[in-house]
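Asker: If you scroll down you'll find the structure; I have some questions about it.
The values are calculated or read from the model by the stated rules, or taken from the named source; none is laboratory data. Not measured: the values here are computed from a predicted model. For neighbour counting, all protein chains shown are included, and Cβ atoms are generated from backbone atoms with ideal geometry for every residue, glycine included.
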Amino acid sequence: MIAPDVQTGRDLLARLIESADMVLPFTGAGISTECGIPDFRSPGGLWEKFSPIPFDAFLEQQEMRDESWRRRFAMEEKFALARPGRGHRALASLYRAGKAPGVVTQNIDNLHQASGIDADDVVELHGNTTYAACLDCSQRYTIEWVRARFSEQGGRAPDCRCGGYVKTATISFGQAMPEAALRRAESLTRQCDLFLAIGSSLVVWPAAAMPLLAKQTGARLAILNREPTEFDALADLVIRDDIGLVLEPFIAH
Ligand code: NAD
Ligand code: ZN
């Protein structure tokens, strides 16, 4: 059902959480918009400004690597200043209470870790943009390191000591998905008895497969997102309101 108002949505969600042994939160960019990080698909979102750089283009052209780092540095203030929002804090409370084993996320902003969820319990499907790594030897680099080399070289993206390309630790279009994270997400989805999709348009695979898998394997499905999704008809509860507003009372103080 679609919650008719915020308070009813909260009440119904609280009941679903209470009757579940294991809640699996699955999050997308919508949980971080109140933290100042824009999502992709909302009006005014990132895709209206930049078309994404596919992985092949990054590999093939120095200019694309330079451009992708210019864009990343332009976002640095947003990522560096962002603090967990009410949604992140509510999920961290569920985690501390032993209701949720962690969180599966499409986000790359590190805010679930910053909210107190152990890094090992944050399953990142699209990687993490708060650090960089070499595509060949996996050596990690800080964004600051890349930025310093980039300016020293007059706006040229630096390579790793091994000669490999250095990229934010995120998954681009056309890049292979992280197998271990995918397997873990799938296994958690099969185990949970409440799948809680928050702030994702649920259109990109694997996000588009997990709500269905959850339902097929016997879990209940709740969707919290401002805009409708394709899975709303399948869901036990749909809340089409602001994430922070809805989840604020779930923060344990
Ligand atoms: P999306 O942009 O496709 O969907 C976000 C959804 O959140 C939209 O449907 C929007 O209506 C909803 N939303 C936004 N703010 C909300 C709010 N305050 N309350 C309720 N709903 C709200 O995001 P996506 O499905 O996660 O896919 C985009 C991909 O881009 C992600 O997979 C991720 O890798 C990447 N991305 C990550 C971040 C981040 O890390 N914060 C930000 C932008 C994009
Ligand atoms: Zn290397």
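Asker: For residue 208, state whether it is in contact (Cβ under 8 Å) with a residue 12 or more places away in the chain and buried (at least 17 other Cβ atoms within 10 Å of the Cβ).
Answerer: Considered against the rule, which asks whether it is in contact (Cβ under 8 Å) with a residue 12 or more places away in the chain and buried (at least 17 other Cβ atoms within 10 Å of the Cβ), residue 208 comes out as no.
Asker: If you check 215, 167, which single one turns out to be more than 10 Å from ligand 1 (Cβ to nearest atom), farther than 27 Å from residue 5 by Cα and of a type in the set (D, E, K, R)? If you could, list the steps in order and put the result at the bottom.
Answerer: On the way: 215 fails: farther than 27 Å from residue 5 by Cα.
Going through 215, 167 in turn, just one is more than 10 Å from ligand 1 (Cβ to nearest atom), farther than 27 Å from residue 5 by Cα and of a type in the set (D, E, K, R): 167.
Asker: Next question. Go through (1) assigned by TED's automatic domain parsing to the domain that holds residue 93; (2) surrounded by fewer than 17 Cβ atoms within 10 Å (Cβ to Cβ) one by one and return the number of the condition residue 161 breaks.
Answerer: All conditions are met except number (1).
Asker: Please go through segment 144-169 and give me each residue that is among the aromatic types (Phe, Trp, Tyr) and within 15 Å of ligand 2 (Cβ to nearest atom), ordered by number. Steps first, please.
Answerer: Looking only at segment 144-169, we keep the residues that are among the aromatic types (Phe, Trp, Tyr), and these are 145, 150, 165.
Correct list: 145, 165.
Asker: Within segment 134-155, is there a residue that is loosely packed, with under 13 Cβ neighbours inside 10 Å, touching a residue at least 60 places away in the same chain (Cβ under 8 Å) and out of contact with any Leu (no Cβ under 6 Å at 6 or more places or on another chain)?
Answerer: Yes: segment 134-155 contains one or more residues that are loosely packed, with under 13 Cβ neighbours inside 10 Å, touching a residue at least 60 places away in the same chain (Cβ under 8 Å) and out of contact with any Leu (no Cβ under 6 Å at 6 or more places or on another chain).
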